[in-house]
Ligand code: MN
Ligand code: MN
């Protein structure tokens with residue numbers, strides 16, 4: 001595949017789509033948090049089809065409030081932009097600071113990894129057969145922006161950021177694939193290339209095959225990615241992709257975040273419903289926009305230019 005050598009269509013478009021990728025994480029989280037841990041039948045009874053950011057959910061959120069998916073993505077992005085070179089340390093420090101604030105929503109694997117970092121300074125979790133949760137893939141978008149133009153670098157750093165908490169081959173593979181799909185979308189790749197990446201992932205790890213998807217959306221990274229792929233490849237716009245994802249329930253905010261990142265990168269900022277963007281806190285909007293631009297401007301693609 002030649003995607004790694006693809007040249008950009010125009011830098012303005014890339015910055016716009018990079019911003020949309022990070023906003024996608026946040027709006028997918030804010031929308032999906034409402035239906036997290038619900039079944040599709042419960043969602044139908046209560047909301048019909050959930051298309052509005054209304055808050056609530058098991059965390060009793062206010063409308064537009066985001067959770068760990070966005071918060072950990074911010075930690076990764078802030079940790080990257082504050083350093084002059086790649087270093088997972090500042091990211092782990094931000095995870096530690098975030099955890100010390102007692103966030104409402106924290107995955108068990110994330111919590112364990114961060115506690116190990118706080119107690120022992122361990123920046124790389126040991127291989128863990130229970131580490132195939134989606135907590136590393138949900139926060140990979142900033143790494144995709146920062147490594148734009150160098151897929152090998154993406155593959156290495158996506159896994160390094162993952163291993164702060166999650167160390168499992170399926171999580172690693174998911175992080176790299178989601179990162180590639182974001183990068184290729186930023187560069188304007190055709191849909192068939194994105195599908196080829198999803199198929200390549202399934203060729204290496206058949207668990208990820210999403211033909212005949214069974215509708216299960218859980219915290220297992222395989223279920224999460226199958227949910228996201230099914231929604232992304234069966235819709236043709238940002239809103240429908242994210243709506244379809246979160247109405248599966250289960251780990252809806254996390255699946256929504258990942259779907260939002262990929263779909264944001266593909267469809268661009270103008271494709272994100274303004275009512276969703278405006279539901280987010282103004283300070284968060286400002287920071288997401290600034291981080292997205294700073295991340296891509298640090299990338300090999302822009303550095304070389
Ligand atoms: Mn969450
Ligand atoms: Mn979640």
Per-region count, the stretch 105-135, residues without any contact (Cβ under 8 Å) to a residue 60 or more places away in the chain and outside any loop (DSSP other than H, G, I, E, B): 13
A careful count of residues in the stretch 271-305 that are in contact with a helix residue (DSSP H, G or I) (Cβ under 9 Å, 6 or more places away or on another chain), farther than 13 Å from residue 15 by Cβ and part of a helix (DSSP H, G or I) gives 10
Among the residues of the stretch 228-243, is there at least one that is within 16 Å of ligand 1 (Cβ to nearest atom), touching a residue at least 12 places away in the same chain (Cβ under 8 Å), farther than 14 Å from residue 25 by Cα and in a helix (DSSP H, G or I)? no
Which members of the stretch 136-164 meet the condition of being in a loop (DSSP other than H, G, I, E, B), within 19 Å of residue 95 (Cα to Cα) and away from ligand 1 (no atom under 16 Å from the Cβ)? 164
For the stretch 80-95, indicate whether the set of residues that are out of contact with any helix residue (DSSP H, G or I) (no Cβ under 6 Å at 6 or more places or on another chain), free of Cβ contacts under 8 Å to residues at least 24 places away in the same chain, assigned to a helix (DSSP H, G or I) and more than 16 Å from ligand 2 (Cβ to nearest atom) is non-empty. yes
Residues in the stretch 283-303: is at least one within 20 Å of residue 67 (Cβ to Cβ), without any contact (Cβ under 8 Å) to a residue 12 or more places away in the chain and out of contact with any strand residue (DSSP E or B) (no Cβ under 8 Å at 6 or more places or on another chain)? yes
Tally the residues that are assigned to a helix (DSSP H, G or I) and at pLDDT below 95, restricting the search to the stretch 8-22. 3
Looking for something surrounded by 18 or more Cβ atoms within 10 Å (Cβ to Cβ), within 20 Å of residue 133 (Cα to Cα) and touching a residue at least 40 places away in the same chain (Cβ under 8 Å) - is there at least one such residue anywhere in the stretch 37-44? yes
What is the one condition in (1) under 16 Å from residue 29 (Cα atoms); (2) crowded, with 19+ Cβ neighbours inside 10 Å that residue 295 does not satisfy? (1)
What number of residues within the stretch 244-263 are within 14 Å of ligand 1 (Cβ to nearest atom) and in a loop (DSSP other than H, G, I, E, B)? 3
Please state which one of 66, 25 is assigned to a loop (DSSP other than H, G, I, E, B), within 16 Å of ligand 1 (Cβ to nearest atom), within 25 Å of residue 216 (Cα to Cα) and modelled with pLDDT of 95 or more. 66
Go through the stretch 92-105 residue by residue and tally those that are closer than 24 Å to residue 129 by Cα and at pLDDT 95 or above. 4
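The values are calculated or read from the model by the stated rules, or taken from the named source; none is laboratory data. The structure displayed is predicted, hence computed values, not measured ones. Virtual Cβ from ideal backbone geometry, glycine too; neighbours counted across all protein chains shown.
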